[in-house]
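Q: Handing you a structure now.
Bear in mind these aren't lab numbers, they're just calculated from the coordinates by the rules spelled out. Bear in mind the structure is a predicted one, so any value in this text is a computation, not a measurement. Note: ideal-geometry Cβ built from the backbone for every residue, glycine included; neighbour counts use all protein chains shown.
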Amino acid sequence: MKPKTFMLIAGEASGDLLAAELVSALRGQLPDAQFFGAGGAKMSAAGVELAFDLTQHSVIGISDVLKNILKFRRLFNQLLALAIERKPDVVIGIDFGGFNLRLGAAIKKYVRENPFSKWDPKIVQFVSPQVWASRPGRADKLARDYDLLLSIFPFEKAWYAKRVPQFRVEFVGHPMIGRFTNDDLRFTSGLAAGASIVNRKSQILLLPGSRKSELQRHLPTMLAALKTIQEKLPTAKTKMVLPNPALVSLAKALGANLEIQIGELPWALAESDVALASTGTVTMECAFFGVPTVTLYKTSWLTYQIAKRIVTVKSLTMPNLLAGEPVYPEFIQNEATPENLSRAALELLENATHRAQIKAQLAKIISSLGEPGAASRAAEAILSLFR
């Protein structure tokens, strides 16, 4: 029997890791399977044949997409041509919804228009695009073009079932659960829930984002807030975590004069008392490690004007959405000022009762995200499409 072939597309660092874990799980059940596509270093290390490193082109927001529209059109057309040429059995989009949903739709359109090609791949999306937050009509397009959606948040399956009941959605659990081997780090290190900062050096962690545009917009505000915090807490230790050396160089050019760590985020979170973080994937990792966090997000004027008209959720910070209340202080666009960030961070450090409450809420959130083994359950769901 011909080995199954899988095409995977991941456009961000978090998706690159998730794709690598999924490939390992699929290979465990299909040792002869072949994998190709576009992603990053972790996918390559897992044995995926990459057409190019898509993670190097990651942007966010309408304005950044428009600036790079010709480049993304070229990459899109290259991947569509690659899929048509190699005809994989399964095409799997890993997060990166804006790009992957269009690619999945284009592949299905080709299949419908070329019925004699005898190629009809299964189309899968791993990590739901946030259609429940804006433009819910995209759920109908997903149901039309996709065979399976793998969800990592528990509320999503019910949301889709209500809107597109014919669409197969499987909650496989959050991949973060079980990813970190030293679970003893969680909720135990850093400033204890009821401890005082008196006579102790608090650890402050900056997480400005994993994209160049995020760093440029977030880091100056974070650094200004950090200056105010250090005036109040001169013994505080500081650290920033970034995913690659290129962003480290940019951070230094933007005036970052503090310890910068490349990768290894779990260890930094485990020793941190408070974090300043961009909204997004990293806030869930902050929640996993029980770190009280102040979140922010700043984007272009155009993107913000569009987003505030179509986004229907009350928060951009996922732990807040999962809790149904503002667990983490959040500051968006014009509210993301050094004064607001520093004030909120100092309150988290100085208010032991509030910090204990946040840690309890975070533990409850994490307990709702399923058991370890998300990648294995995702692989099983994908392979069930052939049974």
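Q: Before rounding to the nearest 500, sum -39500 (n - 2.57) across all DSSP H runs of length at least 4 in the chain and divide by the residue total; then give [θ] at 222 nm in deg cm²/dmol.
A: Dividing the helical sum by the residues of the chain leaves -14000 deg cm²/dmol.
Q: If you keep only loop residues by DSSP, which trypsin sites (Lys or Arg not before Pro) in the stretch 285-381 have at most 16 other Cβ atoms within 10 Å of their Cβ?
A: When the trypsin sites (Lys or Arg not before Pro) of the stretch 285-381 are filtered for loop state and at most 16 Cβ neighbours within 10 Å, LYS314 remain.
Q: Another one. Give the residue list of GluC sites (Glu not before Pro) in the stretch 78-175 that are DSSP loop and have at most 11 other beta-carbon atoms within 10 angstrom.
A: The qualifying sites: there are none.
Q: If you don't mind, another one. Place a +1 charge on the Cβ of each Lys and Arg in the stretch 217-283 and a -1 charge on the Cβ of each Asp and Glu, then give the dipole magnitude about the Cα centre in debye, rounded to the nearest 20.
A: Computed charge dipole of the stretch 217-283: roughly 220 debye.
Q: About its Cα centre, what dipole magnitude does the chain give when the only charges are +1 on Lys and Arg Cβ and -1 on Asp and Glu Cβ, stated in debye to the nearest 20?
A: For the chain, the charge dipole is close to 1060 debye.
Q: While we're looking at this one, here's another question. Summing Lys, Arg as +1 and Asp, Glu as -1, what charge do residues with Cβ under 14 Å from the Cβ of LEU150 carry, LEU150 excluded?
A: -2
Q: Let me ask another. When the Cα atoms of the chain are enclosed in a convex hull and the volume is divided per residue, what value in Å³ results?
A: Looking at the chain, the number lands at 135 Å³ per residue.
Q: How would you order 6-12, 20-26 from highest to lowest mean count of nearby Cβ atoms within 10 Å?
A: Ranking the peptides 6-12, 20-26 by packing returns 6-12, 20-26.
Q: Could you tell me the distance between the Cα centroids of the stretch 93-133 and the stretch 355-387, to the nearest Å?
A: Between the Cα centres of the stretch 93-133 and the stretch 355-387 lies a distance of 24 Å.
Q: To test your reading of the geometry: what angle, between 0 and 90 degrees and rounded to tens, separates the Cα axis of helix 301-310 from the longest principal axis of the chain?
A: That works out to roughly 70 degrees.
Q: Could you run the Karplus curve 6.51 cos²θ - 1.76 cosθ + 1.60 with θ = phi - 60° over the stretch 70-80 and give me ³J(HN,Hα) per residue in whole Hz, x for Gly and Pro?
A: Per residue, the Karplus-derived 3J(HN,Hα) values read 5, 5, 5, 5, 5, 5, 4, 5, 5, 6, 4 Hz.
Q: Any idea what the relative contact order of the chain is, in percent, if you count C-alpha pairs under 8 Å spaced at least 6 apart?
A: Computed over the chain, the figure is 16 percent.
Q: Let me ask something else about it. To the nearest 20 Debye, how big is the dipole of the stretch 183-367 about its Cα centre, given +1 on the beta carbon of each Lys and Arg and -1 on that of each Asp and Glu?
A: Value, rounded to 20: 360 debye.
Q: While we're looking at this one, here's another question. Cut-off under 17 Å on the C-alpha distance; same-chain residues fewer than 8 positions from LYS87 excluded. Which lysines are left, in chain and number order?
A: Result set, ordered by chain and number: LYS2, LYS4, LYS108, LYS109, LYS118, LYS122.
Q: So how far apart, in nm, are the two label points at ASN77 and ALA158 if each is 7 Å from Cα heading toward Cβ?
A: Using points 7 Å along Cα→Cβ, the separation is 4.6 nm.
Q: Hey, another quick one. By the scheme Lys and Arg +1, Asp and Glu -1, what is the net charge of all other residues having a beta-carbon under 10 Å from that of VAL131?
A: +2
Q: Another question, then. Quick one: how many lysine pairs in the stretch 183-367 have C-alpha atoms under 18 angstrom apart, if they're 8 or more apart or on different chains?
A: 13
Q: What number comes out for the charge environment of PHE331, summing +1 per Lys or Arg and -1 per Asp or Glu over other residues with Cβ under 11 Å away?
A: -1
Q: Pick out, in residue order, every one of the GluC sites (Glu not before Pro) in the stretch 208-316 that is DSSP loop and has at most 10 other C-beta atoms within 10 Å; say none if there are none.
A: Here the GluC sites (Glu not before Pro) that fit, given the DSSP loop and packing criteria, are GLU264.
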